[in-house]
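Right, one structure below, let's go through it.
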Ligand SMILES: [Fe+2]
Ligand SMILES: [Fe+2]
């Protein structure tokens, strides 16, 4: 039988856990625009006007959005001055991506001390997983998690690391931090902590559970769709080194067999998986430039 930890150690851990949890309160929440966006995307049909109505509630967001829309990346022949013009000129899909990116950048653009993400790598990784998750969910046509929910789950999947980074040992510098190291140091791993953040923010269950199962998507012997989607997206982006400290390598092959269990659960066949990867390579190659207008 293992020895019980001394009482003083337990008290210390409890007070540390309390300090970790109190950090959740100080996280800036996602803009309310994101929540309203999700509601809108659940509707069967919506217009550019509906989209605009949500955006105008947050003028600071609109200003930053227009700045990105006007960046050289989109190369518009004339300046874009309104949300409506932006939707017409660069398209609804691009606009949606910019809205998500801009509204999450204040929260996610953090230079990590312990996790191995250079500069804004953590944010790039989160955005890349989000874009990938949306594409996979779209192909899966799961009724458990829709493409927009998968996107937000991808964006938030590692949010627990934001808080944990402050509490881990900074001494060894940036490294691969295991779930076990997180748990040992703070009493929580990034999944448990992320889950607490989702609770605190009242995030819908489909997003919350996709986050909760992104490292192990088998739940009571059954594959969890949301968890499977984020798990594939996360591993794709890590294999391609998006946001990591190594050179991005979108040419790296990702085999169907490596994700067979998750892909099978989502009814995604091999040819479809190849097509998803082709689409994603095109999107991810310019991910850094896409958001460069929002510096
Ligand atoms: Fe993770
Ligand atoms: Fe991740």
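Let me confirm something: among 203, 232, which residue is within 16 Å of ligand 1 (Cβ to nearest atom), in contact (Cβ under 8 Å) with a residue 12 or more places away in the chain and closer than 28 Å to residue 112 by Cβ?
Details: 203 fails: within 16 Å of ligand 1 (Cβ to nearest atom).
Going through 203, 232 in turn, the sole match is 232.
I'd like to check something: does segment 151-161 contain any residue that is outside any helix (DSSP H, G or I), out of contact with any helix residue (DSSP H, G or I) (no Cβ under 9 Å at 6 or more places or on another chain) and in the same structural domain as residue 249 (by TED's automatic domain parsing)? Reasoning before the result, please.
Let us first name the residues in segment 151-161 that are outside any helix (DSSP H, G or I), namely 157-159.
Still in the list and also out of contact with any helix residue (DSSP H, G or I) (no Cβ under 9 Å at 6 or more places or on another chain): none.
Looking for residues that are outside any helix (DSSP H, G or I), out of contact with any helix residue (DSSP H, G or I) (no Cβ under 9 Å at 6 or more places or on another chain) and in the same structural domain as residue 249 (by TED's automatic domain parsing), one finds none in segment 151-161, hence no.
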Within segment 242-265, take every residue that is under 24 Å from residue 149 (Cα atoms) and within 16 Å of ligand 2 (Cβ to nearest atom) and give me the one that is modelled with the lowest pLDDT. 243
Can you find, within segment 160-172, the residue that is nearest to residue 133 (Cα to Cα) among those that are touching a residue at least 60 places away in the same chain (Cβ under 8 Å) and within 15 Å of ligand 1 (Cβ to nearest atom)? 162
Of everything in segment 166-190, what is touching a helix residue (DSSP H, G or I) at 6+ places or on another chain (Cβ under 9 Å) and either surrounded by 20 or more Cβ atoms within 10 Å (Cβ to Cβ) or over 21 Å from residue 119 (Cα atoms) (or both)? Give them in sequence order. 168, 177, 179, 182, 183, 185, 186, 187, 188, 189, 190
With respect to residue 148, is the statement that it is without any contact (Cβ under 8 Å) to a residue 24 or more places away in the chain, touching a helix residue (DSSP H, G or I) at 6+ places or on another chain (Cβ under 9 Å) and part of a helix (DSSP H, G or I) true? no
Conditions first: (1) at pLDDT 95 or above; (2) out of contact with any helix residue (DSSP H, G or I) (no Cβ under 6 Å at 6 or more places or on another chain); (3) more than 20 Å from residue 152 (Cα to Cα). Residue 268 passes all but one, so which condition is the exception? (2)
In segment 113-126, what residues are over 14 Å from the mean Cα position of the chain (by Cα) and either away from ligand 1 (no atom under 15 Å from the Cβ) or within 18 Å of residue 248 (Cβ to Cβ) (or both)? 113, 115, 116, 117, 118, 119
Enumeration of residues in segment 110-120 that are surrounded by fewer than 20 Cβ atoms within 10 Å (Cβ to Cβ) and in contact with a strand residue (DSSP E or B) (Cβ under 8 Å, 6 or more places away or on another chain): 116
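Conditions tested, residue by residue: (1) at negative phi; (2) in contact with a helix residue (DSSP H, G or I) (Cβ under 7 Å, 6 or more places away or on another chain); (3) at pLDDT 85 or above.
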{"position": "30", "(1), (2), (3)": "yes, yes, no"}
{"position": "35", "(1), (2), (3)": "yes, no, no"}
{"position": "46", "(1), (2), (3)": "yes, yes, no"}
{"position": "61", "(1), (2), (3)": "yes, yes, no"}
{"position": "115", "(1), (2), (3)": "yes, yes, yes"}
Six or more apart or on different chains, Cβ under 7 Å: which pairs go from a residue in segment 17-32 that's under 21 Å from residue 189 (Cα atoms) to one that's at pLDDT below 90? Could you list them? 24/200; 27/107; 28/106; 28/107; 29/201
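Tell me, which residue of segment 127-150 that is under 8 Å from the mean Cα position of the chain (by Cα) and under 29 Å from residue 22 (Cβ atoms) is surrounded by the most Cβ atoms within 10 Å (Cβ to Cβ)? I'd like the intermediate steps shown before the answer.
As a first pass, look at segment 127-150 and keep what is under 8 Å from the mean Cα position of the chain (by Cα): 127-130.
Adding the requirement that they be under 29 Å from residue 22 (Cβ atoms) leaves 127, 129-130.
Values: 127: 28, 129: 31, 130: 25.
Restricting to residues being under 8 Å from the mean Cα position of the chain (by Cα) and under 29 Å from residue 22 (Cβ atoms), the top hit is 129.
The values are calculated or read from the model by the stated rules, or taken from the named source; none is laboratory data. Note that this is a predicted model, so its numbers are computed, not measured. Note: ideal-geometry Cβ built from the backbone for every residue, glycine included; neighbour counts use all protein chains shown.
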